[in-house]
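Before any comments, here is the structure.
Read-outs throughout are calculated quantities, based only on the coordinates presented, and are distinct from any laboratory measurement. Note that the structure is predicted; figures quoted are calculated from it, not measured. Neighbour counts run over all protein chains shown; Cβ positions are idealised from the backbone, glycine included.
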Amino acid sequence: MKRKKARKWDKRYSKGDHTAESPTNLLKKWHDKIKKGKALDIACGAGKNSLYLAKKGFDVDATDISKKALEIASKRSNKKDLDVNWIKDDFEKTKLPCRYYDLVISTNFYLKRDIPRIEKAIKNKGWFFYKHHLDIENFNIIKGPPKKYRFKPNEIKEDLKNMEIHYYQEIRSSGTSTPIFELVARKE
Ligand SMILES: C[S@@+](CC[C@H](N)C(=O)[O-])C[C@H]1O[C@@H](n2cnc3c(N)ncnc32)[C@H](O)[C@@H]1O
């Protein structure tokens, strides 16, 4: 099953899908509000957010199930002379250290069942940045994951048990191809 999942993503990356280089807006807006330190990028893909964090002085672990995605990411880091610890792994099985990261980030990856262990892996006063897709009734979704891998409006806020929310926004204008939310939360 794990191999099948990895192969599906390898194929997409081989075709050039999901290889945009520009970091997520959330990161551009928020990175300088937080202290530089250890960061984890979950399901990092071709590394757009990991590389940005490394450039800004974070010490970055970046994990993804796709070998192809990590090859692209690693080539990019070599070219830019940036150091990132690229880790090939199935995040469902990844063992996370306790109270270790100053920042955990993930974009476009469904983390519903993983929130408790992510909260544990973040240091006290550490941060969680998360952007993902929403499931909104009657919205004509053109791209992104199927309904079962989307959050309902405000659902992620209920899932966070040990974090204070500093920013939460749902972006669902009719001009967008998929509704999303952006979240910035801090461990108490
Ligand atoms: C839509 S892409 C998002 C990539 C990147 N975060 C971005 O925003 O460009 C989803 C990523 O999740 C990875 N992925 C899927 N299942 C995974 C798993 N079980 N463990 C780790 N990574 C996984 C895929 O390989 C892919 O890179």
Review point. Residue separation times 0.36 nm, minus the C-alpha to C-alpha distance between Y168 and D81: what's the value?
Key: 27.9 nm
Study note, to complete from the structure: If R113, R99 are placed from fewest to most neighbouring beta carbons inside 10 Å, the sequence is R113, R99
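Give the calculated FRET efficiency between H18 and K152 to the nearest 0.05, with a Förster radius of 22 Å applied to their Cβ-Cβ distance. Show your work: numbers first, answer last.
Details: r = 24 Å, r/R0 = 1.11.
Efficiency computed from Cβ-Cβ geometry: 0.35.
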Check your understanding: Between E137 and C98, what length in nm is gained on full extension when 0.36 nm per residue of separation is reduced by their alpha carbon distance?
Key -> 10.3 nm
Revision key, fill the gap. Taking max minus min of the Cα coordinates of the chain on each principal axis, largest first, gives extents in Å of 44, 40, 31
Practice item. Report relative contact order for the chain in percent, whole number only (criteria: Cα-Cα under 8 Å, sequence separation at least 6). Key: 18 percent
Check your understanding: Contour minus end-to-end for D32 and R7, with contour as 0.36 nm per residue of separation and end-to-end as the Cα-Cα distance?
Key -> 5.4 nm
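Mean residue ellipticity at 222 nm from the helices of the chain, using -39,500 (n - 2.57) per DSSP H segment of n ≥ 4 over the full residue count, to the nearest 500 deg cm²/dmol?
Working: 6 runs with 53 residues, N = 188.
Helices in the chain give a 222 nm mean residue ellipticity of -8000 deg cm²/dmol.
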Practice item. For the range 50-104, list log₁₀ I(q)/I(0) at each q in 0.18 Å⁻¹, using the Debye formula over Cα point scatterers of equal strength and ignoring solvent, two decimals each. Key: -0.63
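Beta carbons within 10 angstrom, averaged per residue: use that to sort the peptides 37-43, 138-144, highest first. Please report the intermediate quantities before stating the final value.
Working: 37-43: 23.0, 138-144: 10.6.
Order by mean packing, descending: 37-43, 138-144.
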Point to revise | Mean Cα-pair separation over length for the range 66-170, i.e. relative contact order, pairs under 8 Å, 6 or more apart, % | key: 22 percent
